[in-house]
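Just below is one structure, and these are the notes that go with it.
Here, each number is a calculation from the coordinates, and none is a lab measurement. All figures in this text were calculated on a predicted structure; none of them were measured in a lab. Heads up, the Cβs are rebuilt from the backbone with ideal geometry, glycines too, and the neighbour counts pull from every protein chain shown.
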């Protein structure tokens, strides 16, 4: 398996585990950019992915990425049938990109 595939599966598994607790975070909270609200579970999962991406980047002696980069790739995955896979893949790509 390639590094990309390993990271994608690791992140997909992490998202699946986090999704099991969505019912504990059903309340809506204000978006960071001030444009409405979003479910607390979405914020939690985004923060988990941001932390995981930066932990993997640190292992590779790479600088951390900003939360906005994780949010951007999450937006690319939204609406897809395979949302969790695409989100995990795009986050894995953030880890491996030269930056």
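Where the eigenvalues come from the Cα gyration tensor of the chain, what are the semi-axes √(5λ) of the equivalent ellipsoid, largest first, in whole Å?
Calculated on Cα positions only, the semi-axes equal 23, 15, 12 Å.
In what sequence, highest mean first, do 8-17, 82-91 appear when ranked by Cβ atoms within 10 angstrom?
On the way: 8-17: 16.7, 82-91: 19.7.
Answer by packing, highest mean first, reads 82-91, 8-17.
What value, in deg cm²/dmol to 500, does the helix sum -39500 (n - 2.57) over DSSP H runs of n ≥ 4 give at 222 nm once divided by the residues of the chain? Mind showing how you got there, number by number?
On the way: 4 runs with 62 residues, N = 99.
Result for the chain: -20500 deg cm²/dmol, rounded to the nearest 500.
Length gain on complete extension for the stretch residue 42 to residue 61, per 0.36 nm per residue less the alpha carbon to alpha carbon distance?
Details: separation 19, 0.36 × 19 = 6.84 nm, distance 2.84 nm.
My answer for the length gained is 4.0 nm.
Report the relative contact order of the chain, percent, no decimals, based on alpha-carbon pairs under 8 angstrom and at least 6 residues apart. Can you show the working numbers first?
Values: 96 pairs, mean separation 34.8, N = 99.
This gives 35 percent for the chain.
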